[in-house]
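Quick notes on the structure that follows.
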Amino acid sequence: MTAIERGGIDCDLHPAVPNLKALYPYLTDHWRDIAVQRGMSELNSIAYPANSPLTARPDWRPNGQPAGSDLDLVRKQALDPFGTSIAIANCLYGVQLLFSEDMGAAFARAVNDWMAKEWLDREPRLRASIVVPVQNPEMAVDEIERLAPDRRFVQVLLLVMGDMPLGKRHYWPIYAAAERHGLTVGIHAGSAYRHPVTPIGWPSYYTEDYAAQATGFQQALSSLICEGVFVKHPDLKVVLLESGFTWLPAHLWRLSKFWRGLRMEVPWLDRSPTEVVKTNVRLTIQPCDAPPDEAGLLKLLDHLESDELLLFATDYPHWQFDDDQVLPSGLPPALVRKIMIDNPKATYPRLS
């Protein structure tokens with residue numbers, strides 16, 4: 001058992017929009033009428049099976065509402081038990097799934113205004129990520145500019161698998177806006193389902209989809225590094241949310257090896273991918289996919305070659321850990337403090 005550090009910063013907590021009608025007050029008359037006339041019911045992008053134990057603990061499920069939709073329960077179940085001083089709310093709603101750029105922008109704005117009014121105004125421990133209409137980078141930048149003056153928004157939220165690899169220059173205006181305003185870019189597990197989640201087609205089962213998220217993060221990380229995002233934006237911090245982290249050492253060994261052999265392909269990349277990750281990339285610790293024994297965990301952490309990469313997260317209301325043991329066993333106290341407090345503060349400039 002690893003004792004947590006009180007006053008920790010939870011970098012991945014998921015408030016849930018209870019239903020589409022909850023967003024009606026934050027939509028313009030035009031888009032509210034569109035939603036009514038089309039008979040739109042939900043924009044839920046959560047692929048978690050609704051009744052699976054992985055989705056939420058039984059005692060974390062409010063009656064008749066999605067887990068994570070009740071602020072009082074979030075206080076009782078996620079903030080108070082872990083002694084959390086700050087929690088970053090990442091609202092996963094189906095904005096990225098919409099094909100209409102205009103509708104995506106309208107619902108992104110509504111989700112962000114709902115978050116500010118219903119959550120941030122009512123709970124001073126909460127911060128939030130800006131949901132953006134990634135379908136159109138210009139509109140995404142407009143939403144970032146609109147909300148940047150509100151310092152309670154500390155991050156820009158993207159899904160790991162969308163229309164194209166995240167390092168493509170198509171997305172660079174989003175990264176420029178984030179860097180300009182001191183916002184971290186959070187890349188969360190999830191897909192817009194424009195393309196299969198595996199390189200060879202659609203899987204049959206959710207288990208395959210869930211496991212494939214790790215390879216999605218590997219591809220996204222390679223794209224960000226090789227396309228030169230961090231060369232163009234050296235102060236940008238990217239956080240991989242709900243990504244796992246055990247895949248990172250082997251992936252970086254392979255990517256760095258081929259970078260050395262193929263440097264003429266990416267001449268702008270003047271440092272190894274391993275060094276880029278150490279300065280610009282962080283990962284949340286839940287879900288923890290580490291070995292079950294303490295010795296194996298410590299060996300893996302040694303392979304990361306840095307004690308600054310991991311960030312505390314509960315991933316509430318998803319239940320990825322045993323009972324209330326949100327940290328894996330065997331972490332030394334000094335590393336626990338780094339993961340829970342020091343690393344998040346260093347990663348998110350707006351928390352200072």
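If we count every other residue with Cβ under 10 angstrom of VAL197's Cβ, Lys/Arg +1 and Asp/Glu -1, where does the sum land? Before the final figure, lay out the partial values.
On the way: positive: none; negative: GLU208, ASP209.
Taking every Cβ under 10 Å from that of VAL197, the sum is -2.
What's the local net charge at PRO328, with K and R +1, D and E -1, over the other residues with C-beta under 12 Å away? Result for the neighbourhood of PRO328: -4.
Are there any helices in the chain, counted as whole DSSP H runs, that stretch 18 Å or more along their axis by Cα and score at least -1.0 on average by Kyte-Doolittle, and if so which? If you can, show how the numbers build up before the last one.
Details: long enough: 101-115 (21 Å, -0.12); 206-226 (30 Å, 0.05); 248-261 (20 Å, -0.34).
Helices passing the filter in the chain: 101-115, 206-226, 248-261.
Relative to the current alpha-carbon distance between GLN325 and ARG38, full extension at 0.36 nm per residue lengthens the span by 98.8 nm.
When DSSP assigns beta bridges and you keep just the ones with both residues in the chain, what percent turn out antiparallel, to the nearest 5?
Details: 1 of 26 bridges.
Roughly 5 percent of the beta bridges in the chain run antiparallel, per DSSP.
Starting from one equal scatterer on each C-alpha and no solvent at all, send me the Debye-based log10 I(q)/I(0) for the stretch 223-273 at q = 0.14, 0.20, 0.23 Å⁻¹, two decimals. Values returned for q = 0.14, 0.20, 0.23 Å⁻¹ are -0.40, -0.78, -0.97.
Once the piece of chain linking HIS30 and GLU101 is laid out straight, how much longer is it, given 0.36 nm per residue of separation minus the C-alpha distance between them? Display every interim value, and only then the final one.
Values: separation 71, 0.36 × 71 = 25.56 nm, distance 1.50 nm.
That works out to 24.1 nm of additional length.
Fully extended, how many nm does the chain gain between THR198 and SER85 (0.36 nm per residue separation, minus their Cα-Cα distance)?
Values: separation 113, 0.36 × 113 = 40.68 nm, distance 3.81 nm.
Difference between extended and current length: 36.9 nm.
Only the Cβ atoms of Lys and Arg (+1) and of Asp and Glu (-1) were treated as charged; on that basis the dipole of the chain about its Cα centre amounts to roughly 600 debye.
In the chain, excluding the sites themselves, the longest stretch lacking any of the chymotrypsin sites (Phe, Trp or Tyr not before Pro) that are in a DSSP loop with at most 11 other Cβ atoms within 10 Å is 100-204.
Under the combined filter of DSSP loop state and at most 14 neighbouring Cβ atoms within 10 Å, the stretch 88-168 retains none of its GluC sites (Glu not before Pro).
In whole angstrom, how long is each semi-axis of the equivalent ellipsoid of the stretch 9-351, when you take the square root of 5 times every eigenvalue of its Cα gyration tensor and sort them from largest down?
Details: eigenvalues 175, 123, 76 Å².
Semi-axes, largest first: 30, 25, 20 Å.
In terms of other Cβ atoms within 10 Å, THR274, THR207 run from fewest to most in the order THR207, THR274.
Considering the stretch 140-254, its Cα convex hull presents a mean projected area of 7.8 nm². Along the Cα-to-Cβ line of LYS76, 7 Å from the Cα, sits a label point; which residues in the stretch 18-59 have backbone N less than 12 Å from it? The answer is 59. Past 22 Å, Cα to Cα: identify those pairs from LYS299/LYS345; LYS232/LYS345; LYS257/LYS278; LYS257/LYS338; LYS237/LYS278; LYS278/LYS338, in the order given. Violating the 22 Å Cα-Cα cut-off are LYS299/LYS345; LYS232/LYS345; LYS257/LYS338. Taking a Cβ cut-off of under 14 Å around LEU297, the surrounding Lys, Arg, Asp and Glu residues balance to a net charge of -4, with basic ones at +1 and acidic ones at -1.
I need the calculated FRET efficiency for the pair ASP121 and LEU54, taking r as the beta carbon distance and R₀ as 51 Å, to the nearest 0.05. Write out the running numbers ahead of the final one.
Values: r = 31 Å, r/R0 = 0.61.
Working from the Cβ atoms, E equals 0.95.
Among LEU224, PRO332, GLY68, whose Cα sits farthest toward the positive end of the charge dipole of the chain (+1 at Cβ of Lys/Arg, -1 at Cβ of Asp/Glu, about the Cα centre)? It is LEU224, whose Cα lies furthest towards the positive end.
Contact order normalised by length for the stretch 9-351, with contacts defined as Cα pairs under 8 Å and 6 or more residues apart; what percent is it? Numbers along the way, then the final one.
On the way: 559 pairs, mean separation 65.4, N = 343.
Result for the stretch 9-351 is 19 percent.
Going from the residue with the fewest nearby Cβ atoms within 10 Å to the one with the most, LEU166, LEU97 rank LEU97, LEU166.
Separation of the stretch 271-289 and the stretch 197-261, taken as the distance between their Cα centroids, equals 10 angstrom.
Taking only the C-alpha atoms, wrap a convex hull around the stretch 146-195 and report its volume per residue in Å³ as a whole number. The partial results should precede the final answer.
Working: hull volume 4.2 nm³, N = 50.
It is 84 Å³ per residue.
Each reported figure results from applying straightforward, stated rules to the coordinates on display, with no laboratory input. Just so we're clear, the structure is a prediction, and the values are computed from it rather than from any experiment. Ideal geometry is used to build each Cβ from the backbone, glycine not excepted, and the neighbour counts take in all protein chains shown.
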